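K.L.:
Okay, handing you the structure first.
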Amino acid sequence: MSSELTSPEHPSPGITELLLMLLADARLPTSGHTQSGGLEPALRDGLDPSRLVEYCRTRLATVTLTEAATAVVCRHRALAGQGTDDVELAWAARTPSDAQRAASRAMGRAYRRLARHLWPDAAVLGELEAVRHPSRPRALGLVAAAGGLSGGQLVRLVGYDDVQTVVSASLKLSPGDPMKAAGWVLGLREDIESMVPRCADLVDPHLIPALSAPLMEAWAQDHAATTRRLFSA
Amino acid sequence: MPESVRGTRALRLGVCGPVGTGKSSLIGLLCRELADRLSLAVITNDIYTDEDARMLRAAGVLAPERIRAVETGACPHTAIRDDITANLLAVEDLELDFDPVELILVESGGDNLTATFSPALVDTQIFVLDVAGGGDVVRKGGPGISRADLLVINKTDLAEHVDVDVPRMVREGLAERDHRPVIALSRKNPDSIQALKAWVLTQVDSFAAGALVPQDPGPMAPHGHGDATDAQDREGHHQHQNVPAGDR
């Protein structure tokens, strides 16, 4: 698979499906195990664990949609041979919590590291040479460009990964039947899919949805200041 | 096959072992002993973020900003073994922020007897036990006890209170480890501290000379040990990929 992964020119649909699986797999070495999608501080502040699905749905409709849209615009720019500095700025302007921005950039660094290893010669990743702390959606957008993922696949990846991050962390923080948890993820498929028509074709950073989730931002800020964390964010 | 790593970056020394055996104290001790001759930094992996990092900062053995904590999402084993990304990013940051750093001490979250570092994260590693865990722990074996680069038997000053025969524990450790080094350590015994310090400096020199080859203690039990009959023994003694010839 590696030779096909390293020639991103015109990958076949089958190959991009495999890449999508690789990127959505929790075993990907990008420190995904350190993330809870904001769930740890939410539970600490009293979020009822039985409302986990609604929590995920809220994220998908707000912060995750902003993230997916950012990734899509970055992918577009990279494929057009253009830079993404202003896309990162647009994302940052829509992510007012510095704790959330820092968490995203920590993850972005992990993807940057992996991407440069998997596609050492990909021109679309050239920007990552100088940008050491890309936000996660920026790094993912460039990875999608390098690997030939479509905008829709990229949006699904961001949505699915967000849900799976929260649900998997819930099994550590507030454990229940893991089969039920898998059912929650599947049950959110329509919510994830509904993000695709909303942002998969975006090309203009100004049109990235600005959807603030103030309570989640406050939780993220609290979490960054606590000294007793299991998860980084 | 693992390759030797050259001294163009900091030597990464892992410290692992069960909870409460004195990993943080050992790191504090090394900082105190080595900070005047080496540029040091420390990364802690904790259950709750930064307990160990705060303890080390409070001990005043190293500039607080040179001590960083990594969250492991309740997966301390993963963070030092299969997805080492968070730790590697912390290593990278420390190397950039305090260039040149010569030695980075990476403390694992206190885990059980099976957790050891990936050779992709650390160049050499110490497994820490203490006498209070009982004199028979060494005989239980496990990858860290048997094949870490150094086994430290800590808190030997407590031996008389817990009825542990330290020389015997060391003997059994050497036997279990095919004579890889064992140090019986007490912070009240200057000779033992010197022995530890000397071992670390040897690793630093070996690394600088490009002669250090990171070894995986492994999660797997070695073959061919124990009371095998001749026939079983012959069968069991096949070539290991992760243990250099001459080391067995």
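K.L.:
Taking a virtual spin label 7 Å from the Cα of residue A:93 along the C-beta vector, which residues in region A:197-227 bring their backbone nitrogen under 12 Å of it?
P.N.:
The answer is A:205-210.
K.L.:
So for the pair residue A:215, residue B:178, with labels modelled 7 Å out along Cα→Cβ, what separation do we get in nm?
P.N.:
For residue A:215 paired with residue B:178, the spin-label model returns 5.9 nm.
K.L.:
Between residue A:228 and residue A:207, 0.36 nm times their residue separation minus their Cα-Cα distance comes to what?
P.N.:
3.8 nm
K.L.:
Relative to the longest principal Cα axis of chain B, at what angle does helix B:190-208 sit, 0 to 90 degrees, rounded to 10?
P.N.:
80 degrees
K.L.:
Right, next: What is the distance, in nm, between label points placed 7 Å from the Cα along the Cα-to-Cβ direction at residue B:194 and at residue A:27?
P.N.:
Distance between label points: 5.1 nm.
K.L.:
With r as the distance between the Cβ atoms of residue A:116 and residue B:162 and R0 = 60 Å, compute the FRET efficiency 1/(1 + (r/R0)^6) and round to 0.05.
P.N.:
Calculated transfer efficiency: 0.70.
K.L.:
Dipole size in debye (nearest 20) for chain A around its Cα centre, Lys and Arg Cβ +1, Asp and Glu Cβ -1?
P.N.:
Magnitude of the dipole: close to 560 debye.
K.L.:
Also, I was wondering about something else. Excluding same-chain pairs closer than 8 in sequence, count the lysine pairs in the protein assembly as shown whose Cα atoms lie under 24 Å apart.
P.N.:
So the count of such lysine pairs works out to 9.
K.L.:
Order the peptides A:144-151, B:8-15, A:52-59 from the highest to the lowest mean number of other Cβ atoms within 10 Å of their residues.
P.N.:
Output ranking for A:144-151, B:8-15, A:52-59: A:144-151, B:8-15, A:52-59.
K.L.:
Average partner chain C-beta neighbours within 10 Å, per residue of A:25-33?
P.N.:
5
K.L.:
Here's another thing I want to ask about it. Run the helix sum for the protein assembly as shown: -39,500 (n - 2.57) per DSSP H stretch of 4+ residues, divided by residue count, reported at 222 nm to the nearest 500 deg cm²/dmol.
P.N.:
-14500 deg cm²/dmol
K.L.:
Determine the relative contact order of chain A: mean sequence separation of Cα pairs under 8 Å and six or more apart, normalised by residue count, in whole percent.
P.N.:
Computed over chain A, the figure is 37 percent.
K.L.:
In whole Å, what is the distance between the alpha-carbon centres of region B:138-201 and region B:2-75?
P.N.:
For region B:138-201 versus region B:2-75, the Cα centre distance is 20 Å.
K.L.:
Next question, about the same structure. What FRET efficiency comes out for the pair residue B:39/residue A:102, r = Cβ-Cβ distance, R0 = 30 Å, nearest 0.05?
P.N.:
Plugging the Cβ-Cβ distance into 1/(1 + (r/R0)^6) gives 0.70.
K.L.:
Explain nothing, just the number: dipole magnitude of the protein assembly as shown about its Cα centre with +1 on each Lys and Arg Cβ and -1 on each Asp and Glu Cβ, in debye rounded to the nearest 20.
P.N.:
Roughly 420 debye for the protein assembly as shown.
K.L.:
Identify which of B:105, B:185, B:62 has the largest mean-square fluctuation in a Gaussian network model of chain B, with springs joining Cα atoms closer than 10 Å.
P.N.:
B:62
K.L.:
Taking Cα atoms, how many degrees apart are the long axis of helix B:166-176 and the longest axis of chain B, rounded to 10 and kept between 0 and 90?
P.N.:
For helix B:166-176, the angle is close to 70 degrees.
K.L.:
Based on the Cβ-Cβ distance of residue A:45 and residue A:82, what FRET efficiency does E = 1/(1 + (r/R0)^6) give at R0 = 30 Å, to the nearest 0.05?
P.N.:
Using R0 = 30 Å, I get an efficiency of 0.15.
Computed from the coordinates by the stated procedures, all read-outs in this text should not be read as laboratory data. Keep in mind that what you see is a predicted model, and the values were worked out from it rather than measured. As a convention, Cβ positions derive from the backbone with ideal geometry for all residues, glycine included, and neighbour counts pool all protein chains shown.
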